[in-house]
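First the structure, which I've put down as structure tokens, then a few questions once you've had a look.
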Protein chains: 2
Amino acid sequence: MAGKSAESPVRLAAETWESLFRAQVAVMRKLQSGPAFRKLAVNEYDVLFTLSRCPSGWLRLNELNDNVLLSQSSLSRLVERLEKRGLVARMPAPEDGRGVLLKLTDEGRELQKEIGREHVRDISELMVPALTPAEQKELMRLTAKLRSSLDQRQPRQDSR
Amino acid sequence: MAGKSAESPVRLAAETWESLFRAQVAVMRKLQSGPAFRKLAVNEYDVLFTLSRCPSGWLRLNELNDNVLLSQSSLSRLVERLEKRGLVARMPAPEDGRGVLLKLTDEGRELQKEIGREHVRDISELMVPALTPAEQKELMRLTAKLRSSLDQRQPRQDSR
DNA sequence: TCCCGATAGATGCAAATGCATCTACATTGG
DNA sequence: CCAATGTAGATGCATTTGCATCTATCGGGA
């Protein structure tokens, strides 16, 4: 039963990750070089986007950091820049004297929407011709499952 | 037929991309904070890895740049650093006086293997509990299809 | 053949990033 | 209640990154 094409689980996992990673790189490359991100870098937009999705409107710096591939210090300074540009506002966390709460300003919300519209258009131009709706749903399901599995395991204290 | 749950193609595409992107961030976060990348940054390892896969052993800087999410100038300097560390060797391209060919040195090949072993182990520890083999294969198929669709469309001259 | 635009890669310089560390507040165990 | 340990975020500083630009070569058309 051990045919030549039998791949080990380890190898399969590595190849799957590589394919996922390269696809992300290829899509991201196209997206970030488009005109949508002239005013704001992708990471900066991503922070505005995450804030725009937050039900309460306020988010801890801390929580933001989970979403973004940035070190804590880089995020701290990125937010500092956004604040200087008047796109987000800070407020000391009421229940935790160490914490900082963030929310979009009106200007920030507007810029997020403006970039978001264009961004979504760019995304669909790449995804729609590539995968059928059923395939997109399956891809979404698989990546969501992968993510939720990661969230559950011991998250270590290290969050570079 | 227009039920409330009917999503527009544009929305589906955007949500699919977001799920893919977040999964990539979550996995990458875990991988890069592990001990495998103490000696080399992920992007640096990725260059060594790509070179190790190259059949001829030699690769144009140019081609390398397609694989990596880095600007041309950043890649140029990254390679410069790798060369200083003795991990890769440069050679002027024989057929094109502008070009540069790259290959791994023995030391580079060894370091790539060393890190690669650990890296592959880390990947499988994340992927295996998250997705069944069949799901991994499907994820690989979908991401490969997405990537190949992107490669075909007009690649613009812009390659930041 | 000789321009002229395009392409490969390098470089100056400003901006962004990460690591290590620091401060302030929180929480827990005695 | 207090000391000890942990966590949130900011900051100094060196490294890395990207944009704009530069040089050198290639390739196509008059």
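The values are calculated or read from the model by the stated rules, or taken from the named source; none is laboratory data. Bear in mind the structure is a predicted one, so any value in this text is a computation, not a measurement. Cβ placement follows ideal geometry from the backbone for every residue including glycine, while neighbour counts extend to all protein chains displayed.
So which of B:151, B:66 ends up being under 23 Å from residue B:21 (Cβ atoms), within 19 Å of the chain's Cα centre (by Cα) and exposed (fewer than 13 other Cβ atoms within 10 Å of the Cβ)?
Testing whether each residue is under 23 Å from residue B:21 (Cβ atoms), within 19 Å of the chain's Cα centre (by Cα) and exposed (fewer than 13 other Cβ atoms within 10 Å of the Cβ) leaves just B:151.
Would you check which residues across segment A:129-158 are modelled with pLDDT of 95 or more and not in a helix (DSSP H, G or I) and list them?
The answer is A:129, A:130, A:131, A:132.
To keep it simple, each residue is scored yes or no on (1) within 15 Å of DNA strand D (Cβ to nearest atom); (2) not in a helix (DSSP H, G or I).
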residue: A:10; (1), (2): no, no
residue: A:16; (1), (2): no, no
residue: A:19; (1), (2): no, no
residue: A:44; (1), (2): yes, no
residue: A:56; (1), (2): yes, yes
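Give the residues of segment B:45-59 that are among the hydroxyl-bearing types (Ser, Thr, Tyr) and touching a helix residue (DSSP H, G or I) at 6+ places or on another chain (Cβ under 9 Å), sorted by residue number.
Within segment B:45-59, B:45, B:50, B:52 meet the criteria.
Tell me yes or no: at least one residue of segment B:54-70 is free of Cβ contacts under 8 Å to residues at least 24 places away in the same chain, among the charged types (D, E, K, R) and farther than 27 Å from residue A:33 by Cβ.
No; the residues of segment B:54-70 include none that is free of Cβ contacts under 8 Å to residues at least 24 places away in the same chain, among the charged types (D, E, K, R) and farther than 27 Å from residue A:33 by Cβ.
When segment B:14-52 is examined, which residues are found to be without any contact (Cβ under 8 Å) to a residue 60 or more places away in the chain and within 12 Å of the chain's Cα centre (by Cα)?
B:24, B:28, B:42, B:43, B:44, B:46, B:47, B:50
Wholly within segment A:61-128, which helices (runs of 4 or more DSSP H) include no fewer than the required count, namely at least 3 residues that are more than 12 Å from DNA strand D (Cβ to nearest atom)?
In segment A:61-128, A:106-127 are the helices (runs of 4 or more DSSP H) which contain 3 or more residues that are more than 12 Å from DNA strand D (Cβ to nearest atom).
If a residue has to be within 9 Å of DNA strand C (Cβ to nearest atom), within 14 Å of chain A (Cβ to nearest Cβ) and touching a helix residue (DSSP H, G or I) at 6+ places or on another chain (Cβ under 7 Å) to count, how many in segment B:60-89 make the cut?
Residues in segment B:60-89 being within 9 Å of DNA strand C (Cβ to nearest atom), within 14 Å of chain A (Cβ to nearest Cβ) and touching a helix residue (DSSP H, G or I) at 6+ places or on another chain (Cβ under 7 Å): 4 in total.
Within segment A:14-28, is there a residue that is over 22 Å from residue A:127 (Cβ atoms) and of a type in the set (A, V, I, L, M)?
yes
I've got another one for you. Restricting to segment B:60-84, name every residue that is of a type in the set (Val, Ile, Thr) and closer than 21 Å to residue A:69 by Cβ.
Within segment B:60-84, B:68 is the sole residue that qualifies.
Ok, one more. Residue B:87 is checked against (1) touching a residue at least 60 places away in the same chain (Cβ under 8 Å); (2) surrounded by 13 or more Cβ atoms within 10 Å (Cβ to Cβ) and fails just one. What number does that condition carry?
Answer for residue B:87: the failing condition is (1).
I've got another one for you. For the subset of segment B:101-125 comprising residues that are in contact (Cβ under 8 Å) with a residue 60 or more places away in the chain and touching a helix residue (DSSP H, G or I) at 6+ places or on another chain (Cβ under 6 Å), which member is surrounded by the fewest Cβ atoms within 10 Å (Cβ to Cβ)?
Only one residue fits best here, namely B:118.
Scanning segment A:39-59 for residues that are more than 13 Å from DNA strand C (Cβ to nearest atom) and either of a type in the set (D, E, K, R) or touching a Ser or Thr at 6+ places or on another chain (Cβ under 9 Å) (or both), which turns out nearest to the other protein chains (Cβ to nearest Cβ)?
By that ranking, first place goes to A:53.
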